[in-house]
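Please treat every number below as a calculation from the coordinates, not as lab data. Note that the structure is predicted; figures quoted are calculated from it, not measured. Don't worry about glycine lacking a Cβ; one is built from the backbone with ideal geometry, like all the others, and counts go over all protein chains shown.
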Amino acid sequence: MSDYTPTERTKIRRKPNRAVYDEAAIHAILDEAFVCQIGFAMEGQPYVIPTNYVRVGKRLFLHGSAASRMFRALAAGTPLCLSVMLIDGLVLAPTATGHSINYRSVMVLGKAQPIEDAQEKFAAMRAFVERVIPGRWPGVRPPSEQELKATMVLAVPLNELSAKVRTGPPIDDEAEYARDVWTGVLPLKLTPGAPLPDPRGKVSIPVPEYVRNYSR
Ligand SMILES: Cc1cc2nc3c(=O)[nH]c(=O)nc-3n(C[C@H](O)[C@H](O)[C@H](O)COP(=O)(O)OP(=O)(O)OC[C@H]3O[C@@H](n4cnc5c(N)ncnc54)[C@H](O)[C@@H]3O)c2cc1C
């Protein structure tokens, strides 16, 4: 099993016991989440913007309007810091400072590379749709040449990255457990609600299985 080698910038120093560099474990976090936050600076001002992504091999693909300020800046080589996190639970400790979150997070440093090739852009669009909801692509109209031209696709290489994972119960000292207060973990999970049909959609079409059985 291979690892991502940490650099000076991605070596986890604070609580290093929570560091994860294992490639399969990091890919699993990236594949479970599908929204990332992208931090970048323009004229000295940092911005952090949420956006969708899909992992294909050792690259994350981003897509957006060719008119987007963020996409234009990233395509021009502005360095980025991309982060993803999943919240698994609230950790309720005896002490205020002992409270925590069970989480899995990934941070990627680097620069994005614009994807110009129409076929590669098309493949990335397909990967996006299938990542958000597997089974969706065959039924929808694929992007036209014009739509692909108006869409910027960027690839962020998974070269310099780290992951951090907290699991388990509170870790306060034994003496703190003298107080009468409930302690433990409240697990949290993203779950789908009941599907809401599009008022302009075809009523004769039943909710597909990939929507009914969607889970994260
Ligand atoms: C949902 C959530 C809630 C959190 N709440 C708190 C909080 O309330 N208080 C708090 O102090 N910390 C919290 N953390 C942890 C926080 O993300 C940092 O890890 C921590 O603050 C240490 O930061 P640092 O810059 O000192 O880390 P350092 O260890 O000095 O960072 C060095 C390198 O380690 C890597 N790294 C650091 N943190 C992460 C991470 N979370 N994921 C992936 N790579 C990472 C990066 O590559 C970074 O450049 C939380 C994390 C998550 C995901």
Please identify the trypsin sites (Lys or Arg not before Pro) of the range 133-184 that satisfy two criteria: DSSP loop assignment and at most 10 other Cβ atoms within 10 Å. Which are they? R179
Beta carbons within 10 angstrom, averaged per residue: use that to sort the peptides 68-78, 101-111, 7-17, highest first. 101-111, 68-78, 7-17
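Taking only C-alpha pairs under 8 Å that are 6+ residues apart, what is the relative contact order of the chain in percent?
Taking the mean separation of contacting Cα pairs over the length of the chain, I get 25 percent.
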To make sure I understand the rule: partners must be lysines, Cα under 25 Å from the Cα of K15, and not fewer than 8 residues away in the same chain. Which ones qualify? K164, K189
So what are the three principal axis dimensions of the range 16-212 from its Cα atoms, in whole Å, longest to shortest? 67, 51, 31
Relative to the longest principal axis of the C-alpha atoms of the chain, give the angle of the C-alpha long axis of helix 118-132, reported between 0 and 90° and rounded to the nearest 10°. 40
Cα to Cα, under 18 Å, and not fewer than 8 places away if on the same chain: which aspartates and glutamates meet these conditions relative to K111? E8, E43, E160
Where Lys and Arg each count +1 and Asp and Glu each count -1, what net charge lies around E32 among other residues with Cβ under 13 Å from its Cβ? +3
Quick one: grab the alpha carbon gyration tensor of the range 146-216, order the square roots of its eigenvalues as a ≥ b ≥ c, and give me rounded if a/c is under 1.5, else prolate or oblate depending on whether a/b is larger than b/c. oblate
Pairs of alpha-carbon atoms within less than 8 angstrom and 6+ residues apart define the contacts here; what relative contact order does the range 83-198 have, in percent? 42
